[in-house]
Amino acid sequence: MGDSSALIVLFIFIIGIAVLGAIPGLKDKHMSAENWAVGGRDFGRWLNWFIMAGEVYTAFAFLGASGWAYAKGGPTYYILGYGALAYMVGYHVLPRVCEYGHRHMLVTQGDLVEYLYSSRPLGIFVACIGVAFLLPYLQLQLTALGLIVEVTSLGVIPRVQAMLIAFIMVAIFVFLSGLKGVASTAVVKDVMMMGAMLFFGLYLPYHYCGGIGEMFNQVEALKPGFLTFPGGTPSLDVVWTMSTLVVMAAGFYMWPHFSTNTFSARDPEVPKHNAVWLPVCHLFLIFPMLVGFTAVLVYANNPLPVADMAFLYMVKDTFPAWVLGIIGGAGALACMIPAADLLLSTSLLISRNIYIKGFRGGDESISPEHMKRVARYLILVLTAVALYLSIFHSSLLVNLLLTGYSGVTQFFPLLALGMFWKEASKKGAVCGLIIGEFLVFYLMLNKMDPFPIMGEHLNAGFVALVVNFIVFVVVSLLTKDGKTKLV
């Protein structure tokens, strides 16, 4: 098949996953709003597990882990730590989220906040912040997809055309099938990603270095200290790593789409089960890191132009074109499926919380089917907006993207304390959230991340989270009304 083989394999994956995702919607052309938005709240343990695992295997897992290992060295190890801590948080928090969702028929994170604090304006405010952080996260998947297809096609397909083709297909299957389409495709994508990471992560170090241990020895000999903190950076030290682990653990499930995904679970035991078994999935992130470390040696005399392309370049320079097509297809799916979930959640936040509860004043005459129709067409609008911004104005979203993870982490006191602490108040939640978000933007946009303190460096999101938490607790204790509703 020659050089076209990679292209053929790549498009088999992209078209195949779009067809698979559309099947639930084509089978049930009159799918109810409940089924479309939250899968009928009947996803069992493993189907829900694959949806949650799908948020681990995103563009960052595929490109970022190997890219960080190649460019930064030791600080990359934080990737292995944050999952273990995040799943501990999920074990305690997500069953309560699921319980609230089932009992009160919640659909979005904004619904949950509104119920907890008996405040529709606060729910709308949180939904607006969520949309502001989800859009650049969606744009990240688009950009990564364009890069993956461009490299995989050996430059035959420009990244703009790749983004247009793949995301139109994503929009179609989410439009038709909703969360069920996301779930059915996540299973295929996660199995492929785990297989690809395992094979290449083991094969490439042995192929080039004779083994994993020997690979580490050669990297240390070539770049002494590169594998220990702060590695190839001046400031990503041990203190930065510890504070980053706290931010990542607290913020991991604070992304708005995780609330909707959790509402899809059959019962609270499902997310508890997932928290126990998701670490198995997270362990696979070791393997792209091994590929990145191997790339340090392979490209020692010819540095890569883009560190995040380390994984793809290693495969391209080592295997026949058709193998590159397989890994490119897996990488494309790692962008498309999370993007589908992000599109769905963003459309629900806008249609349900901002449009119906905000602009329409929560009109009780508005049916769930009307919300579904609005959300469906919003998917098409959001796809067009994300494509336009990614192609023509990507720089507009850079600052939001930089603050994304630390920004959503500021929801943690609002949700965790709101569900577990009877003294949590609306005023405390509002004050903590506003101050936390302000600090995140101020510190990051003024290039104060990492935040220097006493010769060490803290994650800026951690600084904001601590202040947010203190303000939340103090104001709640001083506030005599507006307590949260516990299950």
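What 222 nm value per residue comes from the helices of the chain, counting each DSSP H run with n ≥ 4 as -39,500 (n - 2.57) and dividing by all residues, nearest 500 deg cm²/dmol?
Details: 20 runs with 338 residues, N = 487.
The helix-only estimate for the chain comes to -23000 deg cm²/dmol at 222 nm.
Computed from backbone phi, the HN-Hα couplings of the range 451-468 come to 8, x, 8, 6, x, 10, 9, 10, 5, 4, x, 5, 4, 5, 5, 4, 5, 4 Hz, rounded to whole numbers (Karplus: 6.51 cos²θ - 1.76 cosθ + 1.60, θ = phi - 60°; Gly and Pro given as x).
Once the Cα atoms are used to define both axes, helix 398-409 deviates from the longest principal axis of the chain by about 60 degrees. How would the chain be classified by its alpha-carbon gyration tensor: rounded, prolate or oblate, with rounded meaning a/c under 1.5 and the a/b versus b/c comparison settling the rest? It is oblate, given that a/c is not under 1.5 and a/b is not larger than b/c.
Amide H neighbours of Asn459 under 5 Å, counting only residues 5+ apart in sequence or on other chains, H built in-plane at 1.01 Å? Excluding prolines and chain starts, which carry no amide H, the hits are Ser243, Thr244, Phe451. How would the range 77-139 be classified by its alpha-carbon gyration tensor: rounded, prolate or oblate, with rounded meaning a/c under 1.5 and the a/b versus b/c comparison settling the rest? Cα axes put the range 77-139 in the oblate bin.
Using the average count of surrounding beta-carbon atoms within 10 Å as a protection proxy, the listed peptides 371-378, 40-47 rank, highest first, as 371-378, 40-47. The HN-Hα couplings worked out from phi for the range 254-259 by the Karplus form 6.51 cos²θ - 1.76 cosθ + 1.60 (θ = phi - 60°) are 8, 4, x, 5, 5, 5 Hz, whole numbers, x standing for Gly and Pro.
Ranked by the mean number of other Cβ atoms within 10 Å of their residues, highest first, the peptides 316-329, 125-138 fall in the order 125-138, 316-329. Measuring nothing but protein heavy atoms, the accessible surface of the range 2-395 at 1.4 Å probe radius is 67 percent carbon and sulfur. Ligands, DNA and RNA are left out, and with a 1.4 angstrom probe the accessible area of the chain is 38 Å² per residue. When the trypsin sites (Lys or Arg not before Pro) in the range 426-473 are filtered for DSSP coil states and for at most 13 other beta-carbon atoms within 10 Å of their beta-carbon, the remaining sites are Lys447.
Expressed as a whole number of Å, what is the distance separating the alpha-carbon centroids of the range 133-201 and the range 298-328? Centre-to-centre (Cα) distance: 18 Å. Angle of helix 269-283 to the longest C-alpha principal axis of the chain, folded into 0 to 90 degrees and rounded to 10: 20°. Between the amide H of Gly232 and those of Gly73, Gly74, distances stay under 5 Å, these residues lying 5 or more places away or on another chain, with hydrogens modeled in the peptide plane. For Val19, the accessible area of its heavy atoms, probed at 1.4 Å with every protein chain present, is near 90 square angstrom. Once the Cα atoms are used to define both axes, helix 212-222 deviates from the longest principal axis of the chain by about 80 degrees. For the range 82-169, the list of trypsin sites (Lys or Arg not before Pro) that fall in a loop by DSSP and count at most 11 other C-beta atoms within 10 angstrom is empty.
The values are calculated or read from the model by the stated rules, or taken from the named source; none is laboratory data. None of these values were measured; they are calculated from a predicted model. Cβ coordinates were reconstructed from backbone atoms using ideal geometry, including for glycine residues, and neighbour counts include every protein chain displayed. Accessible surface is based on the protein model in full, side chains and every heavy atom, while ligands, DNA and RNA are left aside. Shrake-Rupley method; radii C 1.70, N 1.55, O 1.52, S 1.80 Å.
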